[in-house]
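The values are calculated or read from the model by the stated rules, or taken from the named source; none is laboratory data. Values in this document were obtained by computation on a predicted structure and should not be read as measured data. Don't worry about glycine lacking a Cβ; one is built from the backbone with ideal geometry, like all the others, and counts go over all protein chains shown. With ligands, DNA and RNA removed, areas are computed over all heavy atoms of the protein, side chains included. Shrake-Rupley method; radii C 1.70, N 1.55, O 1.52, S 1.80 Å.
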Amino acid sequence: MRPVSLLLAAVVIGHSAAALHAQTSQPTAQNSVPVIRSDTRAVVVDVVVTKGLDQPVDGLHKQDFQLIEDGKPQAIDFFEEHTAVQAPPNIQPAPAPPNVYTNVPAVQASDSVNILLLDLLNTDREDQVYVNRQIVKYLNSKPQGARVAIFTLSTKLQIIQGFTTDSSVLRNSLDYTKNGVSTEKTPASQSKQGKQSDIEEVQNLEAIHAGAIAIEQLKQAQANLASYRANDRVQMTLEALQNLARYLSAVPGRKNLIWFSGSFPISVFPSANQKEFTGPMRHYSEAIKGTAELLTISKIAVYPVDAEGLVGNHPMGAGNAGPPDGGGSAPANWQGTGFSQGQTPGSDLGSGGHSATADKMAAMEQLAADTGGEAILNTNDLAAATARAINNGAHYYTLVYSPTDKKMDGRYRRIEVKLDERKYKLSYRRGYYADDIEKAGKVEKVDKSAASPRARSAHVDDANRESGLEDKLEGGADPTPLRQLMARGMPSSTQIVYGVRVLPATPQPALAAPRAGYNTKLPGPTTRYAVDFLIDWDKVLLQPGPDGSHTGMIRLELLAYDGDGKALNGTGEIMNMSLDAKTFASVQHSSIPAHLEIDLPRTSIYLATGIYNLKSNKAGTLEIPIDTRAAPKTQATATTPPSK
């Protein structure tokens, strides 16, 4: 596949969507629930093999491995060993033409890349400072060729540094003040001091011999608030993991996600004896499944790191290399949530008298085992642990097999990998959801009747309501997650890669012309921009017809923000594509073109562009900074919008 940026340089972009029989329509009922799809007819399993003091094992062969799915042996169709810690030499891509942009990841093909996720949402402030220092310590001795990116999670996922091998660039990105990253605790978070304050409030009432009813009411109010906060953290954490997986979709190789957190509020894969979620967690079941699928599709191995450091003896005992199966600290349905059955979410004790620390460690072990990573806990030297995780994650074996069970029934299937040499430790993802390409696994929003109600989407604020964009931007007109992925400052989604050219339209509209975009009251002066897409056809699910024709459906969207994240305007349409055999052959040698126009005020703008495939339910997004003050003067110079 030729990079989209090069295609844009070679092809004159025009408004040829008519040739593809494009038309604007409303979403149908069958598309009312956003979903993802995974074709599991070929299952890929990456296996990290270590021995002794966690040293990688090289030189194994295909015949050394046994691969089992749901108790049945599977034939290994493809086998490859990966041993490179060093990335290939840097090759600078050709510069894009003026005003042309692409969401193709700026990272070269390599065996593995590494993502440091600094969880500000689920981590106490003092522990954040400690983690930051430990990361700097690691970067000071990082292997020269290791590719690393850094993200933060607060109320949303933020990228503070894309993939690079340059340690100095990575260190500089950790200056949150300089990079505009907020480290303030969100209302969903509760600090150690806050928990202690709750205890002291109860003790004060007891000290003054308050009535039992008053004390119980205070405890219940505290529990309700803790439940509210815990539910919000679960929702925001799931959204962040989904968005990160979408961002990493087009990045080649294994992705080692090193997640620094003081707590891990959810597990994303079922444990061995788990059939379904119960209690409050049932409201997250579809979102959890969708998150698990996205992590699997994007080949992400999670290395959860306990940001609290050394906490004494491991509550789970030594030598626990596999995922908890419900016989450990907390019931399987609740591991990783901080909840236990019969207990209010957010409270301090797990089931059976086990502490929240034991539940957290059990969740870390399960999350790591299920994704093929390794839990890093009970150590103060997070720098050395990070180095070990990155080194081990670069040495792995890829096994590919075609399941003997051909039914794509959505059921969770368990994978087991064995070696004749039993002293080795194996890390690999423990299963997958067998979703047919036509029967998608849902990625739904959390049922907010039970979870804490979030008043509105993060990208819709009071200023947007005043501008008249509330109905258009709050999600009522778009059942897909596209607008959430296009929120100001969000990392790009790369499930669909594309190039886009953004230029002032020629000619500009007349003075009395209606505004282009959702915001019909947008004040002037404005400039109309033409936005032309070239979309990689291979990433768009086009359904073949009997005569060589192909059909498909995508949603296009533009959202324009100012520097404060206020949405100023937007536009979008659904494009139904019906390509005859000749047109499809032409598209295969170029890309799928599309065109939108939008009016923008003359100021510094962040233009979020997005594509969502309504058949494959994959997304591509890209945010582009534009200084419209340099745009040519338009005919529409009125300071108020034209009357209708």
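Laid out as a table, the results:
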item	result
Using a Förster distance of 56 Å, the FRET efficiency for S586-A212 (Cβ separation, nearest 0.05)	0.10
Theoretical gain in end-to-end length, E81 to D627 [0.36 nm per residue, Cα-Cα removed]	191.8 nm
For T123, distant residues with modelled amide H under 5 Å away	G262
Label-point separation in nm, N380 to Q63, each point 7 Å along Cα→Cβ	5.1 nm
Qualifying trypsin sites (Lys or Arg not before Pro) in the stretch 489-521, DSSP loop, other Cβ atoms within 10 Å at most 16	K521
Calculated FRET efficiency for the pair E421/V400, C-beta based, R₀ 30 Å, to 0.05	0.85
Under the Karplus curve 6.51 cos²θ - 1.76 cosθ + 1.60, θ = phi - 60°, whole-Hz ³J(HN,Hα) for the stretch 576-588, x wherever Gly or Pro sits	8, 10, 10, 9, 6, 4, 5, 5, 5, 4, 5, 4, 5
All-pairs Cα distance distribution in the stretch 104-163, expressed in whole percent, bin size 10 Å	19, 48, 27, 5
Percent carbon-and-sulfur accessible area, the stretch 485-587, ignoring ligands, DNA and RNA, probe 1.4 Å	54 percent
Residues with amide H under 5 Å from that of N380, placed H, sequence gap 5 or more	L310
Distance violations [Cα-Cα > 31 Å] among K299/K406; K72/K425; K156/K418	K156/K418
Table column - 3J(HN,Hα) (Hz), the stretch 378-395, Karplus curve with 6.51, -1.76, 1.60, x for Gly and Pro	6, 8, 8, 8, 5, 5, 5, 5, 5, 4, 5, 4, 5, 5, 5, x, 8, 10
5 angstrom amide H check on A530, placed H, neighbours 5+ away	L503, A505
Estimated vicinal HN-Hα couplings, Hz - the stretch 513-529 in sequence order (Karplus 6.51, -1.76, 1.60; Gly, Pro = x)	5, x, 5, 8, x, 5, 8, 6, 9, 4, x, x, x, 10, 10, 8, 10
